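All remarks here apply to the structure that follows.
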Amino acid sequence: MLEDDCELLAALRKFVLRWCIFANIVSVTVIDKAELIFLKTAKHINRSNSFNRLEKDLQ
């Protein structure tokens, strides 16, 4: 009985560790994608501002 419980706990521990590693990878991927989107948006806004300044200078 005790041996079965130990095996069950070991299996549960292995499952939880794998799940945590998987969740960690997914969260890092999501954060990376969000950061990439943010950087692209920031670049776009920066270009727009530069274009607007250039347009004002030309007028």
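The values are calculated or read from the model by the stated rules, or taken from the named source; none is laboratory data. Just so it is clear, the model here is predicted, and its values are computed rather than measured. Note: ideal-geometry Cβ built from the backbone for every residue, glycine included; neighbour counts use all protein chains shown.
Against the condition at pLDDT below 80 and either within 27 Å of the chain's Cα centre (by Cα) or not polar (S, T, N, Q) (or both), how does ILE45 come out, does it pass? Lay out the reasoning, then the answer.
Details: at pLDDT below 80: yes; either within 27 Å of the chain's Cα centre (by Cα) or not polar (S, T, N, Q) (or both): yes.
Considered against the rule, which asks whether it is at pLDDT below 80 and either within 27 Å of the chain's Cα centre (by Cα) or not polar (S, T, N, Q) (or both), ILE45 comes out as yes.
With LEU12, LEU39 as the choices, which residue is aliphatic (A, V, I, L, M), surrounded by 10 or more Cβ atoms within 10 Å (Cβ to Cβ), at pLDDT 75 or above and over 24 Å from the mean Cα position of the chain (by Cα)?
It is LEU12.
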